[in-house]
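Asker: After the structure tokens below, expect a handful of questions from me.
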Amino acid sequence: MKNHRLRLLTLLSMMIALSFLLQYFEFPIPALFPAYLKIDPSDIPALFVGLFIGPVPAVIVELLKNVLHAIFISKDPNFSGEIANFFAGVAFILPVAWTATFLRKNLEHYTFKQTLIRLLPAFVLAVISMTVMMALVNYFFSFPLYGMTEHSVKVSGVIAVTPFNLFKGVLLSIIALAIYPNIKPLFIRFLSR
């Protein structure tokens, strides 16, 4: 039991570090969106933690990744980027993590096609959930911090960034599902020793 807890703590620490490092790989999609809107793959380790361990450890990975980002990288004194990133990440990973919780006993035995059929609705919900969460966070928190206080301006801002959030959610889902077959055996092997 003690050995299992140590392995779990080690795995969570590695996923937090990996998430933090992946934040350095943010990139814009200049052909589609303004350069200040950037995508990074840092939510994917937390997503896999949610899939194979559970929702609470996944939220912990998201939280600590953003705390580390706030300490070591952020140039924003009000930490609005980290707060928005945390809420977006949690909204994205929870639908998938909760679904995986119900499938946990069978998840390691499913083929990729069986897993895809069972998790695809959760990924669709994750994309919608993240997009709605970001609309709320932007409207009530982020935009006012940048001086956008008029209702019409905030609504225009939400409308402007919503396609980006949808695109980001779909892209992260495709990446996660593409690497899932290679990641699954590593998590299962690490957790079942």
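Computed from the coordinates by the stated procedures, all read-outs in this text should not be read as laboratory data. As the structure is a prediction and not an experimental result, all values here were calculated from the model. All Cβ positions, even for glycine, are placed from backbone atoms using ideal geometry, and neighbour counts span all protein chains on display.
Asker: Tell me the label-point distance for the pair LEU22, ASN106, using the 7 Å Cα-to-Cβ offset, in nm and rounded to one decimal.
Answerer: Between LEU22 and ASN106, the label points sit 2.7 nm apart.
Asker: List the lysines whose Cα sits under 24 Å from the Cα of LYS168, skipping any in the same chain fewer than 8 residues away.
Answerer: In chain and number order, the partners are LYS38, LYS65, LYS75, LYS113, LYS154, LYS184.
Asker: Next question. At 7 Å along Cα-to-Cβ for each site, give me the label-to-label distance between LEU63 and ILE175 in nm.
Answerer: 2.4 nm
Asker: Once label points are set 7 Å from the Cα along Cα→Cβ at both VAL56 and ALA70, what is their separation, rounded to one decimal in nm?
Answerer: Calculated label separation equals 2.2 nm.
Asker: Let me ask something additional. Name the shape class, rounded, prolate or oblate, that the alpha-carbon gyration tensor gives for the chain, where a ≥ b ≥ c are the square roots of its eigenvalues, rounded holds for a/c under 1.5, and otherwise prolate holds if a/b is larger than b/c and oblate otherwise.
Answerer: Verdict is prolate for the chain.
Asker: Oh, and also: In segment 11-98, what chymotrypsin sites (Phe, Trp or Tyr not before Pro) fall in a loop by DSSP, with at most 12 other Cβ atoms inside 10 Å?
Answerer: TYR36
Asker: With charges only on Cβ, +1 for K and R and -1 for D and E, what is the dipole size of segment 27-122 about its Cα centre, in debye, rounded to 20?
Answerer: 300 debye
Asker: Pull out the extension gain between SER13 and ALA160, defined as 0.36 nm times the separation in residues minus the alpha carbon to alpha carbon distance; nm, one decimal.
Answerer: 49.3 nm is the gain from fully extending SER13 to ALA160.
Asker: Could you tell me the center-to-center distance, by alpha carbons, between segment 86-110 and segment 1-37 in angstrom?
Answerer: First find each Cα centre; the distance between them is then 17 Å.
Asker: What does the charge count around ALA176 come to, taking other residues whose C-beta lies under 12 Å from its C-beta (Lys +1, Arg +1, Asp -1, Glu -1)?
Answerer: 0
Asker: Something else: Assuming R0 = 35 Å, can you tell me the calculated FRET efficiency for the pair ASN3 and PHE141, based on Cβ-Cβ distance, to the nearest 0.05?
Answerer: It comes out at approximately 0.25.
Asker: Another question, if that's okay. Loop-only trypsin sites (Lys or Arg not before Pro) in segment 1-92, please: DSSP not H, G, I, E or B, and at most 10 other Cβ atoms within 10 Å.
Answerer: LYS75
Asker: Moving on. What is the sum of charges around GLU108, taking Lys and Arg as +1, Asp and Glu as -1, for the other residues whose C-beta is under 11 Å from the C-beta of GLU108?
Answerer: +4
Asker: Among PRO57, THR10, ASN165, which residue has its Cα positioned farthest towards the positive end of the charge dipole of the chain, with +1 placed on the Cβ of Lys and Arg, -1 on the Cβ of Asp and Glu, and the dipole taken about the Cα centre?
Answerer: Towards the positive end, the residue furthest out is THR10.
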